[in-house]
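Everything below concerns the one structure shown next.
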Amino acid sequence: ALAMKYYLALVSLLVAGTPSHASLLAPFKDEFGATKWQYVANFSSSVLILTLMIVLGFLYMAHRRAKRSNRELTEIKASLEERVAHRTASLQQTTAQLASREAYIKRIVDAMPLMLIGLNKKLEVTQWNHMAESVTGRSMDEALGMNLWEAYPTITLSPAQVKQVLTDHKPFTIKHSQRGQYYFDITLYALTEPEETGVVILVDDITKQMKAENKLVERNKVAAMGELASAMARDIGIPLQGIAGAIQLLNQQLSEGNTLSASTAQPVLAKAQQAGEQASNIVRNLLDFADSQRDQLQQVVISELIDHSIELAASLYSQPSGLRFPDIAIHRNYSQDVPAVACYTLEFQHVFLRIFRHAFYALSARSSQPGFVPAISVHVGNFYDSVWIKIQHNGVGLSPQEQQEIFEPFFSSDDEAPACPVDQRLSYSYFIVTDHHKGHMAVTSDVNVGSTFHIQLPVTRLAGG
């Protein structure tokens, strides 16, 4: 349109120009100077037609540009509508997913078998799960916005403890219990997001778990006492039988009217005295072990403790008319570079004595075989950060079933008799090694070859040692 205006202005200037352009009008005059209107009319029509054609050309071009622009605008509009629809659908899908996840998380929180309570920085309730509703009898709608101690007056927390967690941003756990009645673990976590400052409180009712664990502990204690009592009964029964036999022999000779000479009575009394000393040693050792609960961790050279245990075993284990522990050949193989370890001395002495006792009875069962030489081999060495102990005997070994039962506590049942007798079990020794000293204990055995007990202890040093 602007170009057409310029063109028309140019034509006008040509038509109504200065006299220098008068010659341009000559074709429109005759020889007498009169105007040839027919020519003027024809020329004007031609100019007008030409102008109209030019205008039509510009209009056609403008129409094409407008049509193309409209098409582009339509395409842009369709693209924008498609993008808006896609964004709307994506937003709706995201909103639905967030709502689904929020509902899922809420179901998880409500299904938790412990109380979950959320507090803001004003210590007002912001979260209150189903367990909290069940324990307190207060619904979530009622609890939200309330002060914690108004919503749950019996909770064993103080505002100072909660504020301390908010300040330190460190988890804090409180164990609240009434022995034999209830046990609770209360854990507090601080929320660290600036816009979500607050505390999450988890109240876990572990009453059933603790009662079950206490019952299992008591059961294991009873089993250990039964194991020790059975072993003591057998050990102390042997010297008592010797004493009773000596008394019976002397009474029999006196009842027959025989005169007891010193040469006759002295051997009998010597055996009775020896049996009495053995019984006294057994009782003393048991009392020492009972006092081991007050024992303190000490740095101990294992080889020295084993030698001392062998000396004690020589005074404890003896058959009146059979094998005596001093008659057993002891083979020692101690490495020179074995470090001392931290242990409870009396407890580990009990472990070695129980193993030597087991070896003694296994050797006694084979001592009547011709040419049999009872022997116990003890090996002590170290491997990396552990001390390894191996005690081996050539007596009657353990069957596969006995190997499975020897470290298990004995519990009576209506099933068939266990393969490993209670007095031969080493469950309490295993507990001392694995639980009290964080070590390992195992046995390898063959009925016709003997048994080997393996003990591994971590090398630890006492503070300042």
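The values are calculated or read from the model by the stated rules, or taken from the named source; none is laboratory data. These numbers come from a predicted model, not from an experiment. Here the Cβ positions follow ideal geometry from the backbone for every residue, glycine too, while neighbour counts run over all protein chains shown. The accessibility values were calculated without ligands, DNA or RNA, using every heavy atom of the protein model including side chains. Shrake-Rupley method; radii C 1.70, N 1.55, O 1.52, S 1.80 Å.
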Self-check item: For region 69-122, accessible area per residue (1.4 Å probe, heavy atoms of protein chains only), Å²
Solution: 83
Quiz prompt | Percent of alpha-carbon pairs separated by more than 16 Å within region 53-112 | solution = 69
Quiz item: So how much slack lies between residue 63 and residue 187, counting 0.36 nm per residue of separation and subtracting their Cα-Cα distance, in nm?
Solution: 36.9 nm
Self-check item: Approximate spin-label separation residue 334-residue 170, in nm, with each point projected 7 Å along Cα-to-Cβ
Solution: 4.6
Quiz item: Taking only C-alpha pairs under 8 Å that are 6+ residues apart, what is the relative contact order of region 321-407 in percent?
Solution: 36
Quiz item: If you plug each phi of region 298-314 into the Karplus form 6.51 cos²θ - 1.76 cosθ + 1.60 with θ = phi - 60°, what whole-Hz ³J(HN,Hα) values come out, in order, with x for Gly and Pro?
Solution: 9, 7, 10, 8, 4, 4, 5, 5, 5, 4, 5, 5, 5, 4, 5, 4, 5
Practice problem: Determine ³J(HN,Hα), in whole Hz, for all residues of region 345-361 in sequence, where each value follows from phi through the Karplus function 6.51 cos²θ - 1.76 cosθ + 1.60 and θ = phi - 60°; x replaces Gly and Pro. | Solution: 4, 5, 5, 6, 4, 4, 4, 5, 4, 5, 5, 5, 5, 4, 5, 4, 6
Self-check item: Length gained when the stretch residue 368-residue 449 is fully extended (0.36 nm per residue, less Cα-Cα span)
Solution: 27.6 nm
Exercise. Hey, can you grab everything whose amide H is under 5 Å from the amide H of residue 386? Only 5+ residues off in sequence or another chain; H modelled, so Pro and N-termini drop out.
Key: 459
Self-check item: Spherically averaged projected area of region 327-383 from its Cα convex hull (nm²)
Solution: 5.1
Quiz item: Are any of the pairs 106/163; 121/163; 208/438 more than 18 Å apart by Cα-Cα distance, and if so, which?
Solution: 106/163; 208/438
